[in-house]
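Q: Below you'll find the structure I mean.
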Amino acid sequence: MDELIKYLLFTCLANGLIFGFIFIFSRSYEKALPFLGLFLIAYSSINFEWLFNDLPYLPINFYYAVMPLFYLYFQSIFGQFRKKLLLHLIPALLEFLFFSAFLFVPEWGDQFYTKENKNFILVTMVYLPPLFNSFYAIRILFEIKNLKNLILNSYVTANQNNLRWIEVTCVIFLVDYSIEVTGSIIEFNSSLDQYVYTYDAVASSFVVLWVAIFGMKQRILRIHELNATSAKDEDVSYMTSNTTKSTTNSIRPELQNDDFYKIKKLIEDTKLYKNEDINLFLVADLLKMPPKTVSRLINHFAGKNFSQFIIEYRVNAAKELLKNSDYDRYNLAGIGQEVGFKNKTSFFINFKKAVGITPLEYRKDNKLLEK
């Protein structure tokens, strides 16, 4: 059992350091990756003390750095990172400086790790870190919940689903930290300790690979652009770029029907809905309109959010292909991909929700009508 635990901890450490440094020095346009790299290094480096007991007083535990770094990564995904958010790393910095002193003056470390300081050590290094990190996991979950309406109104299903891995990761952390705190409080006997340590080793190895794989796939979501300027500011900027429009019209300039027609024409003429990565900001950039304006036009005239608006185009296009005998050789997954759905599941769910039957049933029904 001990050998298995050591193998898993070493795997976690090696993968965390490798992926961490790759992300930090990556030249990718994704500015969030360095924070993810630092998170992986901090998360996996805790295993040093378990694997290398002969390296005393190395300040590499990072108890108070793990989830704050993941929180900074999360903020960067939405383009909401600001320098003042670095204040979340102050506890980690103080922790690092405190333990660094023991590295240079080992006598201080010998004096610190005594029975007299047992309660202080238990609170600051055993009980408090899991609670501290759990707070950040819960905070991320709440912020995702609050941002979901903006995400629905700006991105289509592929982008929305990409965020679910962050929610799952936070839940994993909460479970892991709960077990850690519970085990520390009730002081498991030696037989149970082995199972707890094995679970921690397996969970740590899984989390590093899980975060590394999905973190590479995650793209920046430009949600901050919808909050960066007030509606009034965007109204003024758009009005000045469209001076030919009548400002005496009862409908505000950003809600003009011909502007909505431009949106529809762009999507229909270019078949932009077939682009798996289409989002509100791409459409706004192509039309030289503010994202908020595009969003309001779609909401006002189509009565749908951006995601629903694009999915309607995809479903209608899929219906045409399913009726077209030239596409009989295409399987259903191929039809879905042809019209912009990223995978078969997304195609089936959205098609049935819109039409009331599955794509297969729709194809069969139309073949019967032809006969």
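The values are calculated or read from the model by the stated rules, or taken from the named source; none is laboratory data. Computed from a prediction, not measured in an experiment: that's the story for all the values here. Note that we place each Cβ from the backbone using ideal geometry, even for glycine, and neighbour counts take in every protein chain shown. Keep in mind that these areas ignore ligands, DNA and RNA; they rest on the heavy atoms of the full protein, side chains included. Shrake-Rupley method; radii C 1.70, N 1.55, O 1.52, S 1.80 Å.
Q: In segment 259-298, what count of residues is obtained for those that are over 18 Å from residue 312 (Cβ atoms), buried (at least 16 other Cβ atoms within 10 Å of the Cβ) and within 24 Å of the chain's Cα centre (by Cα)?
A: Of the residues in that region, 4 qualify.
Q: Okay, next question. Please identify the pairs in which a residue from segment 115-136 that is open to solvent by less than 50 Å² (accessible area, probe 1.4 Å) has its Cβ atom under 7 Å from the Cβ atom of a residue that is of a type in the set (Gly, Ala, Ser), counting only partners at least 6 apart or on another chain.
A: 126/184
Q: Taking into account only those residues within segment 80-100 that are open to solvent by less than 30 Å² (accessible area, probe 1.4 Å) and not hydrophobic (A, V, I, L, M, F, W, C), which is farthest from residue 222 (Cα to Cα)? If you could, list the steps in order and put the result at the bottom.
A: Residues of segment 80-100 open to solvent by less than 30 Å² (accessible area, probe 1.4 Å): 85, 92, 95, 99-100.
Checking the rest, the ones that are also not hydrophobic (A, V, I, L, M, F, W, C) come to 95, 100.
Values: 95: 34, 100: 39 Å.
Looking at residues that are open to solvent by less than 30 Å² (accessible area, probe 1.4 Å) and not hydrophobic (A, V, I, L, M, F, W, C), I get 100.
Q: Just checking, does segment 142-150 include any residue being at pLDDT 90 or above, out of contact with any Pro (no Cβ under 8 Å at 6 or more places or on another chain) and exposed (fewer than 13 other Cβ atoms within 10 Å of the Cβ)?
A: yes
Q: Of the numbered conditions (1) open to solvent by 50 Å² or more (accessible area, probe 1.4 Å); (2) part of a helix (DSSP H, G or I); (3) closer than 19 Å to residue 275 by Cα, residue 326 satisfies every one except a single condition; which is it?
A: So the condition that residue 326 fails would be (3).
Q: Hey, another quick one. Listed residues 43, 64, 71; which is under 21 Å from residue 204 (Cβ atoms), open to solvent by less than 40 Å² (accessible area, probe 1.4 Å) and not in a helix (DSSP H, G or I)?
A: Working: 43 fails: not in a helix (DSSP H, G or I); 71 fails: not in a helix (DSSP H, G or I).
Step by step, each of 43, 64, 71 is checked, and only 64 is under 21 Å from residue 204 (Cβ atoms), open to solvent by less than 40 Å² (accessible area, probe 1.4 Å) and not in a helix (DSSP H, G or I).
Q: Quick check on segment 329-363: of everything there that is open to solvent by less than 20 Å² (accessible area, probe 1.4 Å) and of a type in the set (A, V, I, L, M), which residue is nearest to residue 156 (Cα to Cα)?
A: Looking at residues that are open to solvent by less than 20 Å² (accessible area, probe 1.4 Å) and of a type in the set (A, V, I, L, M), I get 339.
Q: Right, here's the next one. Tell me which residues, restricted to segment 299-317, are assigned to a helix (DSSP H, G or I) and either open to solvent by 30 Å² or more (accessible area, probe 1.4 Å) or over 18 Å from residue 264 (Cα atoms) (or both).
A: 299, 300, 301, 308, 312, 313, 316 - these are the residues of segment 299-317 that are assigned to a helix (DSSP H, G or I) and either open to solvent by 30 Å² or more (accessible area, probe 1.4 Å) or over 18 Å from residue 264 (Cα atoms) (or both).
Q: If you go through segment 257-289, how many residues are under 20 Å from residue 148 (Cα atoms) and in a loop (DSSP other than H, G, I, E, B)?
A: Qualifying residue count for the region: 3.
Q: Mind telling me which of the residues 175, 196, 171, 211 ends up being more than 15 Å from the chain's Cα centre (by Cα), modelled with pLDDT of 90 or more and aliphatic (A, V, I, L, M)?
A: On inspection, the qualifying residue turns out to be 175.
Q: Moving on to the next point. Which residues, taken from segment 78-90, are touching a helix residue (DSSP H, G or I) at 6+ places or on another chain (Cβ under 7 Å) and modelled with pLDDT of 90 or more? Before the answer, list the steps.
A: Just the residues of segment 78-90 that are touching a helix residue (DSSP H, G or I) at 6+ places or on another chain (Cβ under 7 Å), to begin with: 78-81, 85, 88-89.
Of everything in segment 78-90, those that are touching a helix residue (DSSP H, G or I) at 6+ places or on another chain (Cβ under 7 Å) and modelled with pLDDT of 90 or more turn out to be 85, 88, 89.
Q: Can you pull out every residue in segment 349-363 that is hydrophobic (A, V, I, L, M, F, W, C) and closer than 13 Å to residue 316 by Cα?
A: 351, 354, 355, listed by residue number.
Here is a yes/no grid of residues against (1) out of contact with any Asp or Glu (no Cβ under 7 Å at 6 or more places or on another chain); (2) closer than 17 Å to residue 280 by Cβ; (3) not acidic (Asp, Glu):
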| position | (1), (2), (3) |
| --- | --- |
| 117 | yes, no, yes |
| 127 | yes, no, yes |
| 131 | yes, no, yes |
| 134 | yes, no, yes |
| 141 | no, no, yes |
| 150 | yes, yes, yes |
| 167 | yes, no, no |
